[in-house]
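Read-outs throughout are calculated quantities, based only on the coordinates presented, and are distinct from any laboratory measurement. Since the model is a prediction, treat every value here as computed from it, not as a measurement. Every residue, glycine among them, receives a Cβ derived from its backbone with ideal geometry; neighbour counts consider all protein chains shown.
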Amino acid sequence: SMVDKGGYPHFMLKEINEQGAVLRNTMGDRIKGEAVDFSKELGWSQESFAKIKKIHIVACGTSYYASLVAERLMEGMLPIDIRVEIASEYRQRSIHLGEDVLAIFVSQSGETADTLAAERLAKSKGALCLAITNGLGSSLAREVDHVLLLKAGPEIGVAATKTFTGQLAVLYLLGIYMAKLSGALSSEEEGRLVKGLLKLPYQIEEILERQEMLKPIAEKYASSRDFLYLGRGRSFPLAHEGALKLKEISYIHAEAFAAGELKHGPIAMLESDIPVVIIAPQDSLYEKLFSNVVEVRARKSPVIAIATQGDSNMKDVANDVFYIPSTDHELYPFLAVVPLQIFAYYIARARGCDIDRPRNLAKSVTVE
Ligand code: G6P
């Protein structure tokens with residue numbers, strides 16, 4: 001068939017391993033030199049974009065977590081209010097919608113019923129509607145004013161992986177582009193981010209060369225009944241995505257918390273048989289995350305940390321560490337998500353789960 005596993009035991013593992021190539025393809029001709037260019041795809045001018053006063057990003061599942069990561073980039077660059085909503089909630093609330101709203105719908109398939117219904121609502125109220133999807137010719141792509149394609153190739157594994165990184169890339173590029181249109185981003189800042197983005201495919205491939213290091217770690221914890229995932233800032237939605245991957249394919253109970261909330265409840269649950277995955281890259285929130293690692297260890301829960309290469313302190317405190325390369329603070333989610341995906345994959349494999357076709361789940365949820 002046109003779509004095969006390419007020598008991998010599962011589509012999910014194949015798709016995880018395609019993420020460097022997907023990023024190259026997705027960014028491709030949307031980057032010219034050190035500048036982001038969506039002029040052909042969007043045709044917006046500074047004047048036409050000036051009427052946008054609010055941005056809504058609406059999605060389900062993994063697409064929702066990609067949207068939450070991107071929100072944290074966009075709000076630091078754009079002088080426009082941004083909110084991210086779950087499609088099934090958005091569509092039944094009374095959120096102000098009008099011509100001053102840009103509504104962005106993020107959906108791998110472009111067929112998710114709630115996302116489509118949310119789009120129809122926004123459109124009927126006059127919002128400018130944009131889809132970010134892998135589904136060329138999908139229902140969503142046909143109905144919106146603008147489409148930005150992921151160009152990730154077909155994703156067969158029910159648990160989304162390469163489309164998460166693809167969505168993140170399109171959302172980041174779009175954020176940079178909109179910040180430029182608003183006159184809020186200097187070309188130096190743009191150049192710094194673009195240079196970092198262009199390095200990511202190589203850095204993801206470097207992580208993938210070490211993917212088997214996660215196998216013994218996963219096997220060590222594969223019989224756990226519960227997992228916690230902690231992150232702060234842009235790593236907080238990533239903690240949710242890591243927990244979602246584990247739930248989807250291994251059926252283990254996994255919960256994500258903002259690390260700052262640890263003291264407000266979750267810390268009471270900690271015991272020696274509840275592993276805690278902590279996303280602690282070397283960004284401005286690192287010191288706080290490091291304190292969380294110490295706090296969790298003091299309650300005897302094992303810590304599996306995702307940390308930046310060179311962070312030898314983390315090895316002294318955490319039980320297991322997986323290192324990712326150093327990048328700009330804003331770009332860590334692209335790298336940190338990869339070990340989270342692989343960790344969930346190896347746990348599901350150790351438990352003998354049907355990784356590409358997890359029970360009770362559908363690749364796209366076309367019923368409400
Ligand atoms: C289903 C899939 C998830 C996906 C979600 C949203 O639940 O199993 O992997 O994240 O739908 O799908 P979409 O196609 O709208 O991104």
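Here the simple spin-label model places points 7 Å from the Cα toward Cβ, and for Glu99 and Ala222 these points are separated by 6.0 nm. Every helix of 4 or more DSSP H residues in the chain counts as -39500 (n - 2.57), and over all residues that averages to -13500 deg cm²/dmol at 222 nm. Here each label is just a point 7 Å from Cα along the line to Cβ, and for Glu261 and Lys195 those points are 3.7 nm apart.
The stretch between Glu75 and Leu136 holds 19.1 nm of extra length on full extension. This uses 0.36 nm per residue minus the Cα-Cα distance.
Full extension of the chain between Arg210 and Asp4 yields a length gain of 71.8 nm, computed as 0.36 nm times the residue separation minus the alpha carbon distance.
When the square roots of the Cα gyration tensor eigenvalues are ordered a ≥ b ≥ c, the ratio a/c for segment 42-143 is under 1.5, which makes its shape rounded. Neighbours of Lys54 by Cβ distance under 9 Å: Lys/Arg scored +1, Asp/Glu scored -1, total 0.
Each Lys and Arg contributes +1 and each Asp and Glu -1, all at the Cβ; summed about the Cα centre of segment 173-281, the dipole is approximately 200 debye.
Peptide packing for 24-30, 327-333 was compared via the average number of neighbouring C-beta atoms within 10 Å per residue; ordered from the highest value, the list is 327-333, 24-30. Using the Cβ-Cβ distance between Asp273 and Ser45 with R0 set to 41 Å, the FRET efficiency works out to roughly 0.10. Computed from label points 7 Å out along Cα-Cβ, the spacing between Ala35 and Ala350 is 5.1 nm.
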